[in-house]
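Readers should treat all values here as calculations from the given coordinates under stated rules, not as data from a laboratory. Values in this document were obtained by computation on a predicted structure and should not be read as measured data. Cβ placement follows ideal geometry from the backbone for every residue including glycine, while neighbour counts extend to all protein chains displayed.
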């Protein structure tokens with residue numbers, strides 16, 4: 001998709017969904033592996049890196065290290081580079097898009113300052129852009145809230161082997177997105193570090209141990225969720241290549257959630273592929289805590305509504321500070337389709353009790369510069385017959401080949 005082309009995209013469903021495709025590499029794994037590879041000082045780049053905006057911008061920043069680094073809308077790159085740049089000599093200004101400059105980063109900055117980091121706000125206090133001057137850091141004990149973005153925690157863990165004495169983190173309160181923390185620990189171990197939970201709310205990473213090592217990135221379970229949605233809504237069969245099951249990616253739990261929505265997951269031991277088919281009637285109501293898998297929320301919400309499955313989802317606090325306020329965006333766009341969702345008052349819940357309202361005729365689904373809005377709403381055409389997506393180029397952030405994969409699967413795509 002041409003990023004300068006802001007026309008909308010119309011999608012119509014295939015006569016029969018029956019396709020085989022290779023999913024993009026995991027962005028979450030790619031970006032962690034890039035930071036760890038850089039910290040080793042080695043020359044072996046991870047194999048099979050994700051070919052998406054977020055990974056490209058991080059890879060470019062690590063390669064060139066210009067005085068001013070603009071990561072645009074890449075939240076992972078912002079958090080990981082904030083920590084990584086503290087370990088390097090010199091001064092760098094780290095900035096991003098207008099939305100990125102509205103996303104808080106003060107908790108991470110405060111934690112890094114406890115290690116001796118020199119970070120100044122170049123604009124509004126608590127938000128990017130940041131002016132970071134590398135200096136001698138030290139390890140030790142840091143306490144921070146556990147219910148904030150797991151990327152703050154992962155950013156600290158990734159640089160911990162470079163800190164004299166290593167790092168011990170105490171997480172206060174409920175811990176959000178724990179699987180992403182587990183993923184970071186696994187990659188640290190893959191690169192030679194000693195990293196572990198020492199209690200249910202405490203983490204420890206020892207000093208040193210990182211070494212240059214061959215590493216291959218697996219396919220992305222977040223991307224798989226949109227094909228689960230397609231099978232749930234339209235039936236048929238989808239064979240996904242490159243996934244691992246079990247996987248260190250927390251979003252592999254999507255297989256369990258979609259089992260409640262009628263989709264059967266069949267790993268093929270001979271090939272490693274994962275086959276999806278619709279085998280059962282969806283449950284009439286879904287209750288799920290999404291705190292560990294917030295990136296699946298939009299996919300699950302759209303699927304439930306179009307299947308007529310009422311739901312109450314909890315643990316969605318972090319959705320308010322993503323690329324957009326995802327709870328508000330879901331309520332607005334599904335409202336256009338006639339679904340009256342009810343967000344909780346600051347309790348991280350989103351509910352649909354089956355209430356319908358008047359739907360707009362052929363509405364244009366706004367994407368709010370958020371890749372997951374476009375990715376999650378596209379399969380809706382399997383139930384609606386046609387769906388129109390604004391700014392389809394936003395999928396480049398994580399799944400640039402999405403529209404082509406849909407086309408190969410038989411979906412009709414046309415520019416409005």
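Per DSSP H run of at least 4 residues, take -39500 (n - 2.57); add these up for the chain, divide by its residues and hand me the 222 nm value, nearest 500 deg cm²/dmol. Write down the numbers at each step before the final one.
Details: 13 runs with 128 residues, N = 416.
One gets -9000 deg cm²/dmol as the mean residue ellipticity at 222 nm.
In whole Å, largest first, what are the principal axis extents of the Cα atoms in region 11-81?
52, 26, 17
Give the value in nm², to one decimal: projected area of the alpha carbon convex hull of region 216-357, averaged over all directions.
For the Cα atoms of region 216-357, the hull's average projected area reads 8.7 nm².
Which shape class, rounded, prolate or oblate, goes with region 145-202 when its Cα gyration tensor gives a ≥ b ≥ c as root eigenvalues, a/c under 1.5 marks rounded, and past that a/b bigger than b/c marks prolate?
Prolate, because a/c is 1.5 or more and a/b exceeds b/c.
Residues of region 207-225 with backbone nitrogen within less than 19 Å of a virtual label 7 Å along the Cα-to-Cβ line of residue 47, please, listed as ranges.
In region 207-225, the label zone of residue 47 (backbone N under 19 Å from the point 7 Å along Cα→Cβ) covers 211-220.
Among DSSP bridges having both ends in region 27-205, what percentage is antiparallel? Round to the nearest 5.
Numbers: 16 of 25 bridges.
Antiparallel bridges: around 65 percent, rounded to the nearest 5.
Out of all Cα-Cα pairs in region 27-205, roughly what percent, to the nearest whole number, are more than 27 Å apart?
Summing the P(r) tail past 27 Å for region 27-205 gives 18 percent.
Cα convex hull of region 56-152: mean projected area in nm², to one decimal? Could the numbers behind the result be given before it?
Values: hull surface 23.3 nm².
Result: 5.8 nm².
Please report, for the Cα atoms of the chain, the Rg to one decimal and the Dmax as a whole number; what are they, in angstrom?
When restricted to Cα atoms, the chain yields Rg and Dmax of 21.1, 62 Å.
Rounded to the nearest 0.05, what FRET efficiency is calculated for residue 356 and residue 325 with R0 set to 22 Å and r the Cβ-Cβ distance?
That pair, residue 356 with residue 325, gives E of 0.40.
Counting only DSSP beta bridges with both residues in region 217-349, tell me the antiparallel percent, nearest 5.
Details: 9 of 14 bridges.
The answer is about 65 percent antiparallel.
If region 240-320 were replaced by its equivalent ellipsoid, with semi-axes equal to the square roots of 5 times the Cα gyration tensor eigenvalues, what would those be, largest first, whole Å?
That gives 23, 17, 9 Å for the three semi-axes.
Highest first, please rank the peptides 328-337, 65-74 by the mean number of other Cβ atoms sitting within 10 Å of their residues.
Per-residue Cβ counts within 10 Å, averaged per peptide and sorted highest first, yield 328-337, 65-74.
Helix 178-190 sits at what angle to the longest principal axis of the chain, using alpha carbons and giving 0 to 90 degrees rounded to 10?
Tilt of helix 178-190: around 50 degrees.
Can you give the extra length, in nm with one decimal, that the chain gains between residue 170 and residue 213 once fully stretched, where that is 0.36 nm per residue apart less the Cα-Cα distance?
Working: separation 43, 0.36 × 43 = 15.48 nm, distance 2.95 nm.
Roughly 12.5 nm would be gained on extension.
Post the alpha-carbon centroid distance, region 65-91 to region 199-228, in whole angstrom.
Answer, in whole Å: 20.
When the chain is modelled as a GNM with alpha-carbon springs shorter than 10 Å, which of 254, 236, 90 fluctuates the most?
Of 254, 236, 90, the Gaussian network model singles out 90 as fluctuating most.
With each label point set 7 Å from Cα along the Cα-Cβ vector, what nm distance links residue 241 and residue 275?
With each label placed 7 Å out from Cα toward Cβ, I get 1.6 nm.
Volume per residue, Å³, of the convex hull around the alpha-carbon atoms of region 104-159?
78 Å³
Comparing 87, 43, 19, which has the greatest mean-square fluctuation in the GNM of the chain with Cα pairs linked when under 10 Å apart?
Looking only at 87, 43, 19, the largest GNM fluctuation is found for 43.
On a 0 to 90° scale, report how tilted helix 75-85 is relative to the longest principal axis of the chain, with both axes built from alpha carbons and the result rounded to the nearest 10.
10 degrees
Quick one: grab Rg to one decimal and Dmax as a whole number for region 1-125, Cα atoms only, in Å.
Computed over the Cα atoms of region 1-125, radius of gyration and Dmax are 17.9, 60 Å.
Mind pulling the angle between the C-alpha long axis of helix 326-336 and the longest principal axis of the chain? Nearest 10 degrees, somewhere in 0 to 90.
The angle comes out at about 10 degrees.
Given the options 200, 247, 318, state which has the largest fluctuation in a GNM of the chain using a 10 Å cut-off (strictly under) for Cα springs.
200
State, in angstrom, two size descriptors of region 110-216 derived from its alpha carbons: Rg to one decimal place and Dmax to the nearest whole number.
14.1, 41
Hey, what's the Cα Rg ratio for region 285-397 versus the globular rule of thumb, 2.2 N^0.38 Å?
Output field value: 0.98.
Restricting the count to DSSP beta bridges whose residues both fall in the chain, what percent are antiparallel, rounded to a multiple of 5?
Antiparallel bridges make up about 65 percent of those DSSP assigns within the chain.
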